[in-house]
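This report refers to the structure that appears directly beneath it.
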């Protein structure tokens with residue numbers, strides 16, 4: 001195969017370039033966004049839930065344009081970045097913050113509510129911003145947000161997102177090839193935030209919630225995004241935490257990060273090291289994640 005360009009795992013041939021140039025030539029009045037949608041439709045390039053991979057396609061076409069392989073029409077407007085302009089979450093003023101001292105059994109049945117794109121999402125965002133040491137950062141890509149309730153009182157928050165594309169401890173633990181990782185990284189979810197609200201004092205609650213959360217995560221992801229999750233991962237800052245609740249919930253310690261971050265250019269540590277933990281959501285996760293179509 002005569003590969004002339006590669007973007008996020010997709011390899012383009014000269015035939016692909018000819019098709020893109022033809023689409024641009026046949027629609028001289030179309031915007032860059034419209035052209036990317038037409039290309040997605042031509043390739044039948046869609047997400048598992050059926051939506052066009054429009055944003056990824058726009059990035060691909062911009063990369064081709066900058067490489068001089070195609071000529072995109074001039075930008076018509078530069079819309080504001082919604083992430084850069086987003087206001088910070090506000091504090092939940094009316095929330096009951098009375099200290100909750102109880103045994104786990106006394107809480108009764110705990111309710112997990114997925115709140116993304118719901119009226120409760122601002123409450124989740126505000127609690128994370130106010131009480132999690134990392135604060136709130138708006139996720140991109142596939143992600144889910146949960147509030148956990150004991151009766152009518154929220155007691156905890158979980159946030160999940162798409163996993164990092166490259167993570168050496170995880171990749172070694174799974175044992176997949178580069179091709180399999182590119183094909184199946186969408187089946188791995190990253191626990192970006194886990195918060196027990198600071199006025200909740202219930203022994204063993206954290207590990208209990210982790211167990212309950214992982215039992216439902218795969219089904220929820222399947223329902224919302226149209227594909228399953230086979231493996232979960234998270235980072236634990238060892239300068240702050242011991243990772244006790246993850247180990248108690250049978251998560252496996254897979255290794256330690258390099259402390260360099262994904263945009264490192266110096267090959268030197270520039271942030272604290274993180275312990276990497278993983279949890280198998282399917283007994284045959286290695287086989288499923290190692291397959292290449």
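The values are calculated or read from the model by the stated rules, or taken from the named source; none is laboratory data. Only a predicted model underlies this, so the values are computations on that prediction, with no experimental measurement involved. FYI the Cβ positions are ideal-geometry reconstructions off the backbone, even for glycines, and counts take in every protein chain you see.
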Residue 20 passes all but one of the listed conditions (1) within 14 Å of residue 65 (Cα to Cα); (2) exposed (fewer than 15 other Cβ atoms within 10 Å of the Cβ); the exception is number (2)
From 226, 243, 255, residue being assigned by TED's automatic domain parsing to the domain that holds residue 158 and out of contact with any strand residue (DSSP E or B) (no Cβ under 6 Å at 6 or more places or on another chain): 226
Looking only at region 238-254, how many residues end up being in contact (Cβ under 8 Å) with a residue 60 or more places away in the chain and either within 19 Å of the chain's Cα centre (by Cα) or crowded, with 16+ Cβ neighbours inside 10 Å (or both)? 1
Across region 183-219, the tally of residues that are out of contact with any helix residue (DSSP H, G or I) (no Cβ under 7 Å at 6 or more places or on another chain), surrounded by fewer than 17 Cβ atoms within 10 Å (Cβ to Cβ) and not in a strand (DSSP E or B) stands at 6
